[in-house]
Amino acid sequence: NDNNLTTLENCPKIVEGNFDCRYNFLESLEGCPEIIEGSFSCNLNGLVDLKGGPKIVKGFFACDNNDLKSLEGFPEMINGKIYCNNNKLNIEGLKFLPKELKNNIDISNNKELGDFQNIEDFQELKEKVNIYLEKENLTNMINKEDLSNKDKVINKL
């Protein structure tokens with residue numbers, strides 16, 4: 001951490017302990033280790049998404065205090081707490097969260113989301129994400145229809 005890094009090129013694929021790349025100038029996680037046996041910290045960079053990040057983190061996962069608009073690239077498995085607070089996340093950006101989380105996720109101070117701060121709030125948040133995605137899919141379906149045929153659109157609804 002705190003080494004003025006702009007890239008994670010040439011990192012090992014597996015880290016047996018913690019991996020800490022916070023306080024740098026990273027705009028991408030490309031080159032990041034795929035498996036981290038401990039915790040992972042990429043907070044306090046300039047990240048807008050998590051593409052190229054680790055697939056498995058066995059400890060906590062901290063991506064707070066970035067410019068994240070999307071959680072695209074979110075790990076497949078995290079065993080510890082998740083810190084995604086103080087970013088620019090919105091409902092659309094949360095569609096990359098896994099269906100189940102093992103621990104708390106802190107997504108506070110993402111103004112577009114409201115005050116969801118932990119896994120107890122996650123069900124309500126998940127419902128909002130699902131509603132958003134359903135609306136997005138419905139809009140895409142309707143846009144593809146011939147809008148001059150009102151009956152077809154009404155049947156879709």
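The values are calculated or read from the model by the stated rules, or taken from the named source; none is laboratory data. Keep in mind it's a predicted model, so treat the numbers as computed, not measured. Every residue, glycine as well, gets a Cβ built from its backbone with ideal geometry; the counts of neighbours run over all protein chains shown. Protein only, heavy atoms only, side chains kept; ligands, DNA and RNA dropped before computing areas. Shrake-Rupley method; radii C 1.70, N 1.55, O 1.52, S 1.80 Å.
Checking each residue of region 117-137 against the condition of being modelled with pLDDT under 85 and part of a loop (DSSP other than H, G, I, E, B) gives at least one match. Taken together, Leu44, Leu26, Leu94 contain a single residue that is farther than 17 Å from Glu112 by Cβ, open to solvent by less than 20 Å² (accessible area, probe 1.4 Å) and aliphatic (A, V, I, L, M), which is Leu26. Selection within region 81-91: residues that are open to solvent by 10 Å² or more (accessible area, probe 1.4 Å) and in contact (Cβ under 8 Å) with a residue 24 or more places away in the chain. The member of this set that is nearest to Asn104 (Cα to Cα) is Lys81. For region 35-92, how many residues meet the condition of being of a type in the set (D, E, K, R) and in contact with a helix residue (DSSP H, G or I) (Cβ under 7 Å, 6 or more places away or on another chain)? Selection size over region 35-92: 3. When Leu47, Leu113 are checked against the criterion of being in contact with a Leu (Cβ under 8 Å, 6 or more places away or on another chain) and at pLDDT 95 or above, a single residue qualifies: Leu47.
Is it true that some residue in region 33-43 is free of Cβ contacts under 8 Å to residues at least 24 places away in the same chain, part of a loop (DSSP other than H, G, I, E, B), under 21 Å from Ile82 (Cβ atoms) and among the acidic types (Asp, Glu)? Checking region 33-43: at least one residue is free of Cβ contacts under 8 Å to residues at least 24 places away in the same chain, part of a loop (DSSP other than H, G, I, E, B), under 21 Å from Ile82 (Cβ atoms) and among the acidic types (Asp, Glu). Go through region 47-56 and report how many residues are crowded, with 16+ Cβ neighbours inside 10 Å and more than 21 Å from Asn110 (Cβ to Cβ). Of the residues in region 47-56, 2 are crowded, with 16+ Cβ neighbours inside 10 Å and more than 21 Å from Asn110 (Cβ to Cβ).
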